[in-house]
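A quick write-up on the structure given underneath.
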Ligand SMILES: [Zn+2]
Ligand SMILES: [Zn+2]
C-alpha cells in the first residue's frame, strides 16, 4: 500500500490519516474504530472507541467499564473531516461489522472477519461495492469448504443423544464469543439441559440482552448436585480442553466446533473425541464470492493464507496485494496477535 492511500497499514493498525482514526488498532491510539469484539480486534488502552451498536454490549465486556465507547448502528453515517464512515454487517458474530470509509468518492471497505453462511445469531453479511477491499484469508485454501450448517447440527444433536443414552455428559468446546451462542441457537435444546462455563455464560447473557434468541442455560458453578450434569450439554471455551475443570462432570465425551476440524488430524491434535466443522469465517468459496461482489480495483489480503488468496485473485482477472509484505517483520507479530482468536485464552 502506498503511503498516499486513504487507508494504510501502520505499526499500530490500519490508519486513515484524513480522518485520523485507526481500525482495530493493537497499539494505543486516540481514536479506534472496531470491527468486532473478538480479542484480536478489540484491544484495551485506546482513548476513544467507536463500535457497531449491535455489538456494543460485547465490546463493553471486553473493554471494561472505564473505556470511552460510542456506537453507531449498521448503515448510519459519521463524517470526520470529510471522511464518511459507516458500519455494515459482516456476518461473523453478533455486532460484527465491515467498515466502509469514503473520501472524495473513493471507497474503502475493511471487512474484518466475515462469513456468508447464514447465522441466526447475527445480521447477514452485506455485499458492498468499493474501490479497495481489505479481506481476511483465514481459510483461503480449496480444502476449506464448509459442511451445510443443518448437517453439522444434526451431527451435534446425534452425538449429544448418544452420550445421553450412555449417561454421559457432552462437553462441546466453542469460542466463547460467537461460536458458543451459535451452537446453543442451532442445537435441539429439547434433548436436555445446557450448562455453560463462566467465560461463555457472561457473553451469552450479553447476547440475550442484545435480543438474540437462545435456549435456557445454567452456569456450571451454580450447580449443587453433580447428578444434574448427567445427559446434559456443557458449552465451554477451547481453553478448558484437557483441564481439571472437566473432572467435575464425571463420564463425558468431548467435541470441538471449529472450521479447523475439517483437517484430518486436527481433532487428535486437540485431544477431543469429536470434531464438528462449524466456522464463523468464510470458506474458500465464500471468500471468492465476497471478493467478486465488491467489484474492487484492488483487494488487500491479510490474516491467514495470504499468498494463496492473492494468487487466486490475480489469476482470476482481479488485482490483489498482500497487506503483509510492506509491513516487514512486524507482520509476524501481527499474525501472532491475530491467531489468539483461535486459542481463546479466557479461563473461568
Ligand atoms: Zn473474529
Ligand atoms: Zn480475527
(request) Give me 22, 103 ranked fewest to most by other Cβ atoms within 10 Å of their Cβ, as a rough exposure proxy. (result) 103, 22
(request) Take the alpha carbon gyration tensor of the stretch 149-276, find the square roots of its eigenvalues, order them as a ≥ b ≥ c, and report rounded if a/c is under 1.5; if not, report prolate when a/b exceeds b/c, else oblate. (result) rounded
(request) Note the angle between two axes, namely the Cα long axis of helix 306-315 and the longest principal axis of the Cα atoms of the chain, as a number of degrees from 0 to 90, rounded to the nearest 10. (result) 60
(request) Report, to the nearest 10°, how far helix 149-165 tilts away from the longest principal axis of the Cα atoms in the chain, using its own Cα long axis and a range of 0 to 90°. (result) 20
(request) Starting with the fewest neighbours, write out 194, 134, 61 ranked by other beta-carbon atoms found within 10 Å of each beta-carbon. (result) 61, 194, 134
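Please report the orientation-averaged projected area of the stretch 136-193, defined via the convex hull of its C-alpha atoms, in nm².
Values: hull surface 20.4 nm².
Projected over every direction and averaged, the Cα hull of the stretch 136-193 covers 5.1 nm².
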(message) Between residue 77 and residue 285, what's the calculated FRET efficiency when r is the beta-carbon distance and R0 is 35 Å? Round to 0.05.
(response) 0.65
(request) Using just the helices of the chain, give the 222 nm mean residue ellipticity in deg cm²/dmol: DSSP H runs with n ≥ 4 each add -39,500 (n - 2.57), and the total is spread over all residues, rounded to 500. (result) -6500 deg cm²/dmol
(message) Please state the shape class of the stretch 66-202: rounded when a/c is under 1.5, otherwise prolate if a/b exceeds b/c and oblate if not, all from the C-alpha gyration tensor.
(response) prolate
(request) Using only alpha carbon positions, build the gyration tensor of the stretch 217-290, then give the equivalent ellipsoid semi-axes as the square roots of 5 times its eigenvalues, largest first, whole angstrom. (result) 30, 15, 9
(message) What three numbers, in Å, describe the spread of the alpha carbons of the chain along their principal axes, ordered from the longest?
(response) 64, 46, 34
(request) Return the single residue from 215, 25, 238 with maximal mean-square fluctuation; model: Gaussian network over the chain, springs between Cα atoms under 10 Å. (result) 215
(message) So for the stretch 1-48, averaging the separation of alpha carbon pairs under 8 Å that are six or more residues apart and normalising by length, what relative contact order in percent results?
(response) 25
(request) For helix 198-209, report the angle its Cα long axis makes with the longest principal axis of the Cα atoms of the chain; keep it between 0 and 90° and round to the nearest 10°. (result) 70
(request) Using a Gaussian network model of the chain whose springs link C-alpha atoms within less than 10 Å, name the residue from 65, 20, 48 with the highest mean-square fluctuation. (result) 65
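Pairs of alpha-carbon atoms within less than 8 angstrom and 6+ residues apart define the contacts here; what relative contact order does the chain have, in percent?
17
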(message) I need the shape label for the stretch 36-140. Rule: rounded when a/c is under 1.5, else prolate if a/b > b/c, else oblate, with a, b, c from the alpha carbon gyration tensor.
(response) oblate
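No value in this document is a laboratory result; all are computed from the given coordinates. All values reported here derive from a predicted model rather than from experimental measurement. Using ideal geometry, Cβ is built from the backbone for each residue, glycine included, and neighbour counts are taken over all protein chains shown.
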